[in-house]
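Trainee: Have a look at this one before I ask anything.
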Amino acid sequence: MLDPARVRAVTSSLRIAAMGTYVPERRLTNADLARSVDTTDDWIVSRTGMRERRIARDDEFTSDMCLAAVRALERNGGSLDAVDFVIACTVTPDYAFPSVAARVQEQLGLRRVGAIDLGAACAGFMYGLDVADALLETGRARNVLLVAGESLSKITDYTDRSTCILFGDGAAAALVTIDRGAPATVLARRVNSDGAAGRELFQTGLRSEIGGVVSPDRYLHQNGRAVYEWALTNITAGIAELLAQAEMRADEIDWFVPHSANGRMIESIAKRAGIARERMLTSYELHGNTSSASIPLALAPAIADGRVKRGNRVMLYGFGGGLVECGMILRWS
Ligand code: COA
């Protein structure tokens, strides 16, 4: 096994130049859920920390939400003029194809740009950032429009109390660019996949069997306990590896932005890693688990209100269906 302390990060000087977010209007509270399944506000808050989530309209899809997030990014000062690549991170695309990225490109009127969807479930935004970074580092792109959006309510079984309490809808957009010659901003990174655990969290597609389980219903299914244990073990170890790569202590991290899967779970991970709760940015309280959108939904408001400042060391960590994970430590610029 590799000694994490000896793994050097592939550094880079990527920069998130602007961000924007969007969530649908309709709120689904714990009290609403308690009227349709056998659960209580107390149970949900004590197990997950979640209070409400947003639900897309029947005629509102992932590309619509991603487009709205890009419009917010423009209002926040982001310019699309020099965008030459669109990456859309999602596991709930409007269609199998065309891609969400192509829909967004078309509606924004972008010309001569590459467009791909990237499916890494709740690690989507982080994998998207990693791929954007590779395109920028190699000079294949100069300005990547990275969007992450999910319509999870459309694949959630609202009669299953163990999953319907967790998930919500939303989207975010980031303009990712590179400052060549500037000091490194990516101080550590880890990408990893554990496909053997794939059957613990899935939605079937053309194939309805996974790991001996047959599920033709096209809903999201999860073994919550198994995913919980997996995350606690693997993400805690992943954080230690990132810190070793960056030669930092946990208390030198200014902001920790884990995937907002479940408040209780990510607080346990932070505690094990030695990161104080006050230094965590989360979105689960009011948005539930929005998969690929959860990290930017937590990060964008903290950038907008000045909590995240230039020079801050920010650890971002996505993990989820696959099961896959991708974490980075960035020096904010
Ligand atoms: N309200 C009340 N009771 C519920 C419930 C709900 N919404 N959901 C499940 N229960 C019940 C179960 O039926 C079970 O009852 P039983 O003991 O009579 O069989 C009991 O609570 C315990 O179930 P369990 O699944 O062991 O609960 P848990 O403490 O593990 O909490 C999750 C369930 C889903 C909240 C938790 O496992 C979790 O969050 N896991 C991680 C999920 C996650 O983050 N996924 C995304 C990763 S990207």
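The values are calculated or read from the model by the stated rules, or taken from the named source; none is laboratory data. Please read all numbers here as calculations on a predicted model, not as lab measurements. Ideal geometry is used to build each Cβ from the backbone, glycine not excepted, and the neighbour counts take in all protein chains shown. In case anyone asks, the SASA skips ligands and DNA or RNA and just uses the protein heavy atoms, side chains included. Shrake-Rupley method; radii C 1.70, N 1.55, O 1.52, S 1.80 Å.
Trainee: Please work out which residue is farthest from the chain's Cα centre (by Cα), limiting yourself to the range 248-290 and to residues that are away from the ligand (no atom under 16 Å from the Cβ) and buried (at least 24 other Cβ atoms within 10 Å of the Cβ).
Mentor: In this case the residue turns out to be I253.
Trainee: Kindly evaluate R35 against the criterion of being assigned to a helix (DSSP H, G or I), in the same structural domain as T163 (by TED's automatic domain parsing) and crowded, with 18+ Cβ neighbours inside 10 Å.
Mentor: So R35 does not fit the description; no.
Trainee: Which residues, taken from the range 216-235, are surrounded by 16 or more Cβ atoms within 10 Å (Cβ to Cβ) and more than 13 Å from the ligand (Cβ to nearest atom)?
Mentor: Y219
Trainee: Is there any pair with a first residue in the range 13-35 that is at negative phi and a second that is among the basic types (K, R) and open to solvent by less than 50 Å² (accessible area, probe 1.4 Å) whose Cβ atoms are under 8 Å apart and which are 6 or more apart or on different chains, and what are they?
Mentor: Correct list of pairs: V23/R54; P24/R54; E25/R54; R26/R54; R27/R53; R27/R54; L28/R53; L28/R54.
Trainee: Then there is this: Out of (1) more than 16 Å from the ligand (Cβ to nearest atom); (2) under 26 Å from Q222 (Cβ atoms), the odd one out for W43 is which?
Mentor: That leaves (1) as the condition not met.
Trainee: Okay, moving on. Tell me, please, whether a residue that is surrounded by fewer than 17 Cβ atoms within 10 Å (Cβ to Cβ), within 16 Å of the ligand (Cβ to nearest atom) and in the same structural domain as S294 (by TED's automatic domain parsing) can be found in the range 198-207.
Mentor: Scanning the range 198-207 turns up at least one residue that is surrounded by fewer than 17 Cβ atoms within 10 Å (Cβ to Cβ), within 16 Å of the ligand (Cβ to nearest atom) and in the same structural domain as S294 (by TED's automatic domain parsing).
Trainee: Any residue that is at pLDDT 95 or above, assigned to a helix (DSSP H, G or I) and farther than 27 Å from D305 by Cα - is there at least one of those in the range 4-12?
Mentor: No, the range 4-12 contains no residue that is at pLDDT 95 or above, assigned to a helix (DSSP H, G or I) and farther than 27 Å from D305 by Cα.
Trainee: Mind checking which residues of the range 313-333 are buried (at least 24 other Cβ atoms within 10 Å of the Cβ) and of a type in the set (S, T, N, Q)?
Mentor: Those that are buried (at least 24 other Cβ atoms within 10 Å of the Cβ) and of a type in the set (S, T, N, Q): none in the range 313-333.
Trainee: Follow-up. Restricting to the range 99-111, and then to whatever is of a type outside the set (A, V, I, L, M) and under 22 Å from the mean Cα position of the chain (by Cα), can you tell me which residue is surrounded by the most Cβ atoms within 10 Å (Cβ to Cβ)?
Mentor: So, considering only residues that are of a type outside the set (A, V, I, L, M) and under 22 Å from the mean Cα position of the chain (by Cα), the one surrounded by the most Cβ atoms within 10 Å (Cβ to Cβ) is R103.
Residue-by-condition table, conditions (1) more than 22 Å from L152 (Cα to Cα); (2) at pLDDT 95 or above; (3) not β-branched (V, I, T):
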{"residue": "R27", "(1), (2), (3)": "no, yes, yes"}
{"residue": "A34", "(1), (2), (3)": "no, yes, yes"}
{"residue": "T40", "(1), (2), (3)": "no, yes, no"}
{"residue": "A56", "(1), (2), (3)": "no, yes, yes"}
{"residue": "V70", "(1), (2), (3)": "no, yes, no"}
{"residue": "S79", "(1), (2), (3)": "yes, yes, yes"}
{"residue": "P93", "(1), (2), (3)": "no, yes, yes"}
{"residue": "V100", "(1), (2), (3)": "no, yes, no"}
{"residue": "L108", "(1), (2), (3)": "yes, yes, yes"}
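Trainee: Could I ask something else about it? Does the range 293-312 contain any residue that is open to solvent by 40 Å² or more (accessible area, probe 1.4 Å) and within 14 Å of the ligand (Cβ to nearest atom)?
Mentor: No, that holds for no residue.
Trainee: Filter the range 236-247 for residues that are surrounded by fewer than 18 Cβ atoms within 10 Å (Cβ to Cβ) and more than 16 Å from the ligand (Cβ to nearest atom) and give the result.
Mentor: A237, A240, A244, E247, listed by residue number.
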